[in-house]
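These notes are about the structure you will find just below.
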Amino acid sequence: MPARAWGPIGHRTVAKVAENHLTAKTRREVAKLIGPQTLPEIAYWADEIRYLPERKISDTWHYISIDDTESITSTVRNPAGDVLDAIERMEKTLRDPASSRDQRVEALKFLVHFVGDVHQPLHVGRRADAGGNKIDVILNGQKENLHWVWDAIMLNDMGMSYTELAHAIDHPSAQDVASWQRAKPVDWVSEVFALRPQVYDGVPEDGKLSYLYSFKNWPLLRAQLLKAGVRLAGELNAIFDPRHAGR
């Protein structure tokens, strides 16, 4: 399945949006764990360490496989773990008063990353094509695969830094924030699964993608980054400041 996830721009955009929606208490509690670092600065850590031999166990935590004829309830879950149970475990660690500071710091870094991952449409992928990794495409003259087109190429083509992108997209209505944050991680997976037809639509047999493919999918890409950031903030507020989490 995927060897990569949202590129640095995607993950840092999600984290920057999340920072904008944290309560003051949550900000203080997060700062106690990561010190002078920011959420965007830790957002890509889970990808940076996943290739280390001692971290190989985390490889399957970045995605979940659901075939077209399956659902979140009928799919056979990976016994090594998937993104859904990884999010649950990281949140449990952060809430557990018996967790050490090092355990909580690591759980926070993983959680920031995995909430971003699960909103990337191809991280809720088909087994046969490994979430688009086995679909070879050419976009802008680059030979790549469909997964990486969604992870990084379309984001890079927007020509914005993560701070610029976060500023451009972070304008949800109060109703959107409330609705998105009420949804649970299992709901996020079902939402992303439903996006699959649009993600695959327009991919020709020869794999040559036109600019139109990116143009048509930019709104979806931006919407998923925004949802991920708002929901990440909701999860962190629920953990660190439950009285004002808005749930």
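The values are calculated or read from the model by the stated rules, or taken from the named source; none is laboratory data. Only a predicted model underlies this, so the values are computations on that prediction, with no experimental measurement involved. Backbone-built Cβ (ideal geometry, glycine too); neighbour counts: all protein chains shown. Calculation scope for accessible area: heavy atoms of the full protein, side chains included, ligands and nucleic acids excluded. Shrake-Rupley method; radii C 1.70, N 1.55, O 1.52, S 1.80 Å.
Numbers at a glance
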| read-out | value |
| --- | --- |
| Answer residue from the stretch 42-58, given it is in contact (Cβ under 8 Å) with a residue 12 or more places away in the chain and part of a helix (DSSP H, G or I) and is nearest to F110 (Cα to Cα) among those | A46 |
| Residue under evaluation V105, criteria (1) assigned to a helix (DSSP H, G or I); (2) within 17 Å of the chain's Cα centre (by Cα), criterion not met | (2) |
| Close pairs from the stretch 127-141: first free of Cβ contacts under 8 Å to residues at least 40 places away in the same chain, partner open to solvent by less than 60 Å² (accessible area, probe 1.4 Å), Cβ under 6 Å, at least 6 apart | D129/I135 |
| A245 vs. criteria under 30 Å from K32 (Cα atoms) and at pLDDT below 95 | yes |
| Close pairs from the stretch 154-170: first at pLDDT below 95, partner assigned to a loop (DSSP other than H, G, I, E, B) and of a type outside the set (D, E, K, R), Cβ under 9 Å, at least 6 apart | L155/W6; L155/G7; N156/G7; D157/N140 |
| Checklist (1) surrounded by 20 or more Cβ atoms within 10 Å (Cβ to Cβ); (2) within 14 Å of T13 (Cα to Cα); (3) among the polar types (S, T, N, Q) applied to Q181, failing item | (2) |
| Selection from the stretch 120-168 of residues that are among the charged types (D, E, K, R) and under 17 Å from E205 (Cα atoms) | D129, K134, D136, K143, E144 |
